[in-house]
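Accompanying notes for the structure given below.
The values are calculated or read from the model by the stated rules, or taken from the named source; none is laboratory data. None of the values given here were measured: they were computed from a predicted structure. Quick reminder, even Gly has a Cβ in these numbers, built from the backbone with ideal geometry, and neighbours come from all protein chains shown.
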Amino acid sequence: MLAFFFEHHRASPLIYTRWLASGFALRFALSALALRFLLSEQNYAAINVLRTLGMGPEQLVSYYTVIFVGIITGTVVAAMTFRPDALLLQLIAAEALIIVACAINYHISSDVRPHNLFVSQFCAVMATGIFMGPILLVGVMQALKHGSNYMVTFVLLFALTQSFGGLLGSAFFGTYQRYREHDYSAQIVEHVNPTNPEVARRLQLQQQAYASTLTDPVLRQAEGVATFSRIASREAQVRAFSDVIVVNGMIAVIFFFWGIFNIWRARQLARREAEAAAPAMIATATPNQG
């Protein structure tokens, strides 16, 4: 705050704080932050589900290979489809890919394995490659309209949105996942009744797993109950991660329609400007009758 106050009152500021408060800068910050927020779910939910289910580095080699191919594909697609009038469409496409990824994963369960996430995570990381180039170009073009001195301000704005968006996403999704996990754990424990034949059978199966290593029946029973509790906790975590994916998809849908609205508004403004300029052009082209 002190730095911004100092820059705001400097005669030759390095950071143009007044431009940061302009309509474009605020819309750009919201868009960049929202996309980084949505994409942070991939780094939180998908990978943590696999780790919760016991996947180690060896099992995740193919998963990260898909991530690498996806980011390269998204970057190439963004470069090949780039046009000045298609920047907003590319951002809309990135949001659509996030929605597709969430729609594929919303039913995630404890049976999931890395290969089950290849398509969804490819779409999600492809969205990262698609949105990064267009959103940078939009900001650079607008900053250069005011002069090259505004580039430092734009770089600061972009860096802040990406850093804060990632932190905000991780904090929000982490908090929501913990809240849902506790809720699911309470529901599972509530329905775990040892007198239930199915529950008793599962507990017996868990105790039998330790029959070859534990001869004391009391210890065997304790280990069986502890293992059953770990399975219940794991199931609650996976269900909570599934809820995180659903919430992320809902937020992505909201920003998707917000992007469509911005495209529609931009076209309406362009049409009105063209209609307002048409009479002036006709008047200029008509010879003076006087």
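Those helices (runs of 4 or more DSSP H) of segment 1-75 in which 2 or more residues are in contact with a Leu (Cβ under 7 Å, 6 or more places away or on another chain) occupy 23-41. Exactly one residue among Leu136, Leu38, Leu117 is in contact (Cβ under 8 Å) with a residue 60 or more places away in the chain and either closer than 22 Å to Gln162 by Cβ or among the small types (Gly, Ala, Ser) (or both), and that residue is Leu38.
Filter segment 57-96 down to the residues that are of a type in the set (Asp, Glu) and within 21 Å of Gln142 (Cβ to Cβ), then identify the one that is farthest from the chain's Cα centre (by Cα).
The initial filter retains those residues of segment 57-96 that are of a type in the set (Asp, Glu), namely 58, 85, 95.
Filter again for within 21 Å of Gln142 (Cβ to Cβ), leaving 85, 95.
Details: Asp85: 25, Glu95: 9 Å.
Out of the qualifying residues, it is Asp85.
Yes/no matrix, rows are residues, columns are (1) hydroxyl-bearing (Ser, Thr, Tyr); (2) in a helix (DSSP H, G or I); (3) at pLDDT below 80:
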residue: Thr227; (1), (2), (3): yes, yes, yes
residue: Ser242; (1), (2), (3): yes, yes, no
residue: Met281; (1), (2), (3): no, yes, yes
residue: Thr284; (1), (2), (3): yes, yes, yes
residue: Gln289; (1), (2), (3): no, no, yes
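Checking segment 97-108 against the condition returns no match, with no residue being among the hydrophobic types (A, V, I, L, M, F, W, C), modelled with pLDDT under 85, part of a helix (DSSP H, G or I) and within 19 Å of Ile260 (Cβ to Cβ). Looking only at segment 130-185, residues that are within 23 Å of Gly74 (Cα to Cα), crowded, with 20+ Cβ neighbours inside 10 Å and modelled with pLDDT under 85 come to 6 in all.
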